[in-house]
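A.B. asks: Got a structure for you, written out below as structure tokens; questions coming shortly.
The values are calculated or read from the model by the stated rules, or taken from the named source; none is laboratory data. The structure displayed is predicted, hence computed values, not measured ones. As a convention, Cβ positions derive from the backbone with ideal geometry for all residues, glycine included, and neighbour counts pool all protein chains shown.
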Amino acid sequence: MIPDSASASAIRTERLTAAYGELRAVYEVSLDLEPHRVHALIGPSGCGKSTFLRTLNRLHEMTPGAWVKGQVLLHGEDVYASDVSPMRLRRRVGMVFQKPTPFPFYSIAQNVSAGLVTDRGLSKADVTNRVEESLRRAALWDEVKDRLGADARGLSGGQQQRLCIARTIAPRPEVVLLDEPTASLDPQGTQRIEELVFDLKREFTIIIVTHNMQQAARVADTTSFFYMGAMVEHAETKRLFTAPVDSRTEAYVTGRFG
Amino acid sequence: MDRRRARRLKSDAMVALMGVAVLLAVLPLFLILGSLVLRGAESLSLSFFINRPAPVGETGGGVAHAILGTLVIVGVASLVAVPVGIAAGIYASEYRGTLMAKVTRFVADVLNGTPSIVVGILAWTWVVAVQGHFSAAAGSIALGFLMVPMVMRTTEELIALVPTELREAALALGYSRGRTTLVVVLRTALPGIVTGALLAVARVSGETAPLLFTALGSEYFSLDIDRPMAALPLVVYKYATGPYPAWHQLAWTASLVLILVVLVLGIAARLATRDRFRDSR
């Protein structure tokens, strides 16, 4: 809880190990991620990048048999400390998933405000304002402003994903986790999300998991390469792609495996 | 060319076979419904829905007391059994791997396969014999016992169908596990759960055996669940096994009314829980 020199980083992990029972998906990963930047996690399927992401908002532990060792520090605070409520933590560390997950039976506006209901301090007018603000930030406002009460399932896949981003940023988290957010989208939808990610880093720290190296190269300031549960190399994106230090990173970014 | 024709023939033959299978499956249903309408509809009149039975020998009269009775007995049973069944279903689904969930599931399956007359005897032993008199409440208890496992199993299966992603999305917004289950998971599975509950209501509405020695039957209008009460299946049973041809006619009509009551309940519940987006388009 004491801000130290490390609090300059938004998220820092110390020898973080995450496992499902006997299976160690992430092994002793230490990473330092600065605020207001886009950090990409890349690597082949099963390398632990998604599991690593899910330890940051403590969603990992919701899987039966899952456990974590090591530390995750959010602005210097240990998120696994016994006095930290995972629910409150998840309001500070938002997450967007691979498949768009609008809540059925919720209108577009209700979907965006879904994360605000746990915040008792907000008046009805506050919520309405926050819905508009979030939809504008998610670059969806102009497309849905005339049908806020309509079924969210009527939106296209790309729009649904931007709706989920709006829902995630509405409670004003500090960090936004994106788990392969464009995996189910067409090239156009993908491009809009990438532009959005670039805009959002002014207000949020963004960590994006992607299996698409071009995407990492386009949107990320720093990139970390994961391989078999270990974090092999972490560097400025340009450096990682042009002058990787580790031979495994080089093999991966040049397309020799994965 | 020959092989193509042979394939086409084979395909047509299979389609025809499946058509026959479908016909065989729905034929009994239409036969039952058809004969009910044919035989029951002629005495169907407004008076049948608003009057008590006429004394033997007189014409007219109705089964309104039994319609009311069935609604009360099944209503009280549902009021208790549906929430309990849904809660048990949520438990068995959300805590799938636990011993308690496995035991609950096993007990529900056994109860599901128990003949209704056995449940009736149980209700008689526990309630009627203890109190010393027949009562509608005892009937409700028997029907409730039959409903709980049915509702529980459908709820459990439908909750398991809700995508994990949806659950995780709610958790990731900072929802507690309870709120996630109630607001997102249960709401998503609700239309199916309602259908399941309705099937349970429909099934127990026609149960006769457990009511024979609990609610017993009555000739009068009553809302007092501590006393014997009329019910449609009991009316059908009594009239169908009675000696007078006029009674047999009443039995047919009462059967038709029983089916109509279940149908109306079904439609009402569907309307109440419809998807406001999908259906209003």
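Yes/no per residue for (1) without any contact (Cβ under 8 Å) to a residue 40 or more places away in the chain; (2) in a helix (DSSP H, G or I); (3) within 14 Å of another protein chain (Cβ to nearest Cβ):
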{"site": "B:A197", "(1), (2), (3)": "no, yes, no"}
{"site": "B:D226", "(1), (2), (3)": "no, no, no"}
{"site": "B:Q249", "(1), (2), (3)": "no, yes, no"}
{"site": "B:S255", "(1), (2), (3)": "no, yes, no"}
{"site": "B:I267", "(1), (2), (3)": "yes, yes, no"}
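A.B. asks: Further question: Quickly run through the stretch B:218-229 and pick out the residues that are under 15 Å from B:V128 (Cα atoms) and in contact with a Gly (Cβ under 8 Å, 6 or more places away or on another chain).
C.D. replies: Of everything in the stretch B:218-229, those that are under 15 Å from B:V128 (Cα atoms) and in contact with a Gly (Cβ under 8 Å, 6 or more places away or on another chain) turn out to be B:P228, B:M229.
A.B. asks: From the list B:V84, B:V110, which one is closer than 30 Å to B:T181 by Cβ, β-branched (V, I, T) and surrounded by fewer than 14 Cβ atoms within 10 Å (Cβ to Cβ)? Walk me through how you get there before you give the answer.
C.D. replies: Details: B:V84 fails: surrounded by fewer than 14 Cβ atoms within 10 Å (Cβ to Cβ).
From the options B:V84, B:V110, the qualifying one is B:V110.
A.B. asks: Residues to consider are A:R162, A:R202, A:R192; find the one that is over 13 Å from the mean Cα position of the chain (by Cα), part of a helix (DSSP H, G or I), closer than 25 Å to A:A10 by Cα and at pLDDT below 95. Full working, then the answer.
C.D. replies: Working: A:R202 fails: part of a helix (DSSP H, G or I); A:R192 fails: closer than 25 Å to A:A10 by Cα.
Just one listed residue meets the conditions, A:R162.
A.B. asks: Same structure, new question: Filter the stretch A:215-229 for residues that are out of contact with any helix residue (DSSP H, G or I) (no Cβ under 6 Å at 6 or more places or on another chain), under 22 Å from A:S247 (Cβ atoms) and not in a strand (DSSP E or B) and give the result.
C.D. replies: Residues satisfying the conditions are A:A216, A:M228, A:G229.
A.B. asks: What single numbered condition from (1) among the aromatic types (F, W, Y); (2) part of a strand (DSSP E or B); (3) within 18 Å of the chain's Cα centre (by Cα) fails to hold for A:F52?
C.D. replies: Unmet condition: (2).
A.B. asks: Among the residues of the stretch B:199-224, what is the count of those that are hydrophobic (A, V, I, L, M, F, W, C) and assigned to a loop (DSSP other than H, G, I, E, B)?
C.D. replies: Qualifying residue count, the stretch B:199-224: 4.
A.B. asks: If you take the residues of the stretch B:1-44 that are among the polar types (S, T, N, Q) and free of Cβ contacts under 8 Å to residues at least 12 places away in the same chain, which of them is farthest from B:F221 (Cα to Cα)?
C.D. replies: So in the stretch B:1-44, the residues among the polar types (S, T, N, Q) come out as B:11, B:35, B:43.
Keeping just the survivors that are free of Cβ contacts under 8 Å to residues at least 12 places away in the same chain gives B:11, B:35.
Numbers: B:S11: 59, B:S35: 29 Å.
Filtering the stretch B:1-44 for residues that are among the polar types (S, T, N, Q) and free of Cβ contacts under 8 Å to residues at least 12 places away in the same chain, the one farthest from B:F221 (Cα to Cα) comes out as B:S11.
A.B. asks: Give, as residue ranges, the helices (runs of 4 or more DSSP H) completely inside the stretch A:103-154 that count at least 1 residues that are free of Cβ contacts under 8 Å to residues at least 24 places away in the same chain and away from chain B (no Cβ under 14 Å).
C.D. replies: Output list reads A:124-137, A:141-144.
A.B. asks: Looking only at residues in the stretch B:131-171 that are in a loop (DSSP other than H, G, I, E, B) and either within 18 Å of the chain's Cα centre (by Cα) or closer than 15 Å to B:A209 by Cα (or both), which one is farthest from the other protein chains (Cβ to nearest Cβ)?
C.D. replies: Here is the first cut: in the stretch B:131-171, the residues in a loop (DSSP other than H, G, I, E, B) are B:132-135, B:161-163.
Of the ones still in play, those that are also either within 18 Å of the chain's Cα centre (by Cα) or closer than 15 Å to B:A209 by Cα (or both) are B:134-135.
Numbers: B:F134: 44, B:S135: 41 Å.
Out of the qualifying residues, it is B:F134.
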